[in-house]
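Read the figures in this text as sums done on the coordinates, not as results from a lab. Given the structure is predicted, the values throughout are model-derived calculations rather than measurements. We place every Cβ from the backbone using ideal geometry, glycine too, and count neighbours over all the protein chains shown.
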Ligand SMILES: *Cc1c(COP(=O)(O)O)cnc(C)c1O
């Protein structure tokens, strides 16, 4: 790319951006004077699409109008509401519809999936996790080990960056599997690491794990709507994600999960069940022997919260219109531009730890700050930049292709420069 440092370059790029109209379809937070903030925090909580209110209001209206009959008579009948989300969600993660369902929240789904895919024996029971995994994932995995009667410390193997390095090397995971594969039964890894922004090669991980008879599960909280993980082709056994980060579906909204087609018809898999995992055609007979649904839907438990799903539907409709290809195209340019401008800064105060290769990252760049100077992040916030600080020393910035502009990136770096 022929990036340039001048303001006119950013303005030109925004002018030529085929996705530029989407920014207007989001509520951009403002400061007290009503000036738009530079929002680079879509990796933590995505912004609200303007259509979301309409989608939720539709359900409130139908509830008011129909009461319980909304299950069948609402404009989008509640009984099958989750099915309206499946196709688009499947496309976003590169899966078949039978492999995907929207339900519960992320950590809950990780547990439900481990109930099925973490089946330890006395000798093959260890779980591999990346060393800087998101804390919730670590707690979930530790509690699964304990639940099965293992010592959490002893049962966990960390895949770590080498001494003096920040990123994970896949050869090191392969080495761990080579040496301890007989004791390992599950790989539970973040597809895009929340801290460094590193995007792992899922296919290679699945191949390495399967060669040692391990199940492979991926947390895609930072991947979904950001990169195209091609879950089906990757061959991983299962994955889970939330929808309030890059999928803009609102705080605490429902998550999604993927179970590979190869497990779709395996009714013998251990699992926790509820009436929503039961065969739809006999679900309301209420007296049946349990008959599990095939595919990812078979992991559902409860009838889902429609108001939250309405917000997801609004967001997915936007994603469906744009498509992941165009989003990724712009994303690479936009994040490349941010990287270019940061690299032009002559300072040793900051250092990007996210991989340089576009195939090994999404839109987020993690900026390591010298001497863990948290004040820099405070000052950025004061100057209208919304980013986040992650202990011990990283500012994460994520220019999101749906609503961020080249001008956002330009202005962010201008402010950063003035503060350094
Ligand atoms: C955001 C995030 C979570 C949050 O989990 P919830 O159950 O949705 O609260 C968990 N894991 C990772 C990797 C995340 O990025």
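Please state the shape class of the chain: rounded when a/c is under 1.5, otherwise prolate if a/b exceeds b/c and oblate if not, all from the C-alpha gyration tensor. Oblate is the answer for the chain, as a/c is 1.5 or above yet b/c matches or exceeds a/b. Sorting the segments 87-97, 247-257, 57-67 by their mean number of nearby beta carbons within 10 angstrom, highest to lowest, gives 247-257, 87-97, 57-67. Taking 20 Å as the cut-off, the amide N atoms of segment 133-152 that come nearer than this to a point 7 Å along the Cα-to-beta-carbon line of residue 123 belong to 149-151.
Translational D (Stokes-Einstein, µm²/s) of segment 110-202 at 10 °C and 1.306 mPa s when Rh comes from the Kirkwood sum over C-alpha pairs?
Working: Rh = 13.6 Å.
Calculated translational D: 117 µm²/s.
Could you tell me the distance between the Cα centroids of segment 335-381 and segment 90-116, to the nearest Å? Rounded to whole Å, the Cα centres lie 32 Å apart. You can think of it this way: the chain between residue 329 and residue 83 has 85.7 nm of extra reach, that is 0.36 nm per residue less the Cα-Cα gap. The residue 68 and residue 370 beta-carbon pair, evaluated with R₀ = 60 Å, returns a calculated FRET efficiency of approximately 0.50. Here the simple spin-label model places points 7 Å from the Cα toward Cβ, and for residue 131 and residue 289 these points are separated by 5.2 nm. Ranked by how many other Cβ atoms sit within 10 Å of their own Cβ, fewest first, the residues 222, 263 fall in the order 263, 222.
For 278, 148, which order do you get if you count the other beta carbons within 10 Å of each Cβ and list the fewest first? Each step should come with its number before you reach the end.
Values: 278 21, 148 14.
Sorted ascending by nearby Cβ count, the order is 148, 278.
Scattering from segment 174-213 was approximated by placing one identical point on each alpha carbon and applying the Debye formula without solvent; log10 I(q)/I(0) at 0.30 1/Å stands at -1.02.
For the pair residue 272 and residue 204, the difference between a 0.36 nm per residue extended length and the Cα-Cα distance amounts to 21.5 nm. Counted by neighbouring Cβ atoms within 10 Å, the residues 41, 214 run from fewest to most as 41, 214.
Could you sort the peptides 6-15, 354-363 by per-residue average Cβ neighbour count (10 Å cutoff), highest mean leading?
Details: 6-15: 14.0, 354-363: 19.2.
With the highest mean Cβ count within 10 Å placed first, the list reads 354-363, 6-15.
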